[in-house]
Structures are given as C-alpha cells and as structure tokens.
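Take a look at the following structure, please.
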Amino acid sequence: MRLLIFKTNVQCRADVELLQPYLDLQVGCSCWHFDLEDCDKILRVEIKNELLLGIVPLLKSQGFYCEELED
C-alpha cells in the first residue's frame, strides 16, 4: 500500500461532498481523507498499486487546486 499526499484548496465539507463521488469511483470509498484543519487542506489517498491515478486532473476538472507533495 502506498500513501499519496496532496495540497489542495478544498475549503469546506460541501467541497468534500462535491468531490466524494469522483474520489470514491477513482480510488474507493475508504481510501481517501481530507484534513481541512491543516493549512494546506491536505488530501491523503491510499493506493494498492503504483498506477498513477490522476488525482490532480480529477480535482482540477472540478475547479480545485491540487498538487502532490513529495515524501
């Protein structure tokens, strides 16, 4: 399992709810979590393989900023 961490501009629960169906479809229902208390509005995604999932384009297509943070 691999953990990917992204900096976003997702601000509130309503934003998360907007993105939920897309993230659930892309990575699974229990494999992602936003930390809206963090100043970088962190999105953590657990993946089971090394395939690039396209999280950045997914969030950008919905009008949000998203950048993967390096380990």
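Tell me which residues, restricted to the stretch 36-55, are closer than 20 Å to Met1 by Cα, surrounded by fewer than 17 Cβ atoms within 10 Å (Cβ to Cβ) and at pLDDT 85 or above.
Arg44, Glu46, Gly54
A further question follows. Only strands (runs of 3 or more DSSP E) wholly contained in the stretch 1-60 count here; list those with 3 or more residues that are touching a helix residue (DSSP H, G or I) at 6+ places or on another chain (Cβ under 8 Å) and of a type in the set (Asp, Glu).
none
For the list (1) of a type in the set (A, V, I, L, M); (2) more than 10 Å from the chain's Cα centre (by Cα); (3) at pLDDT below 95, I need the number of the one condition that Val27 fails.
All conditions pass for Val27, except number (2).
The values are calculated or read from the model by the stated rules, or taken from the named source; none is laboratory data. Keep in mind it's a predicted model, so treat the numbers as computed, not measured. In this analysis, Cβ positions are derived from the backbone assuming ideal geometry, glycine residues included, and neighbour counts consider all displayed protein chains.
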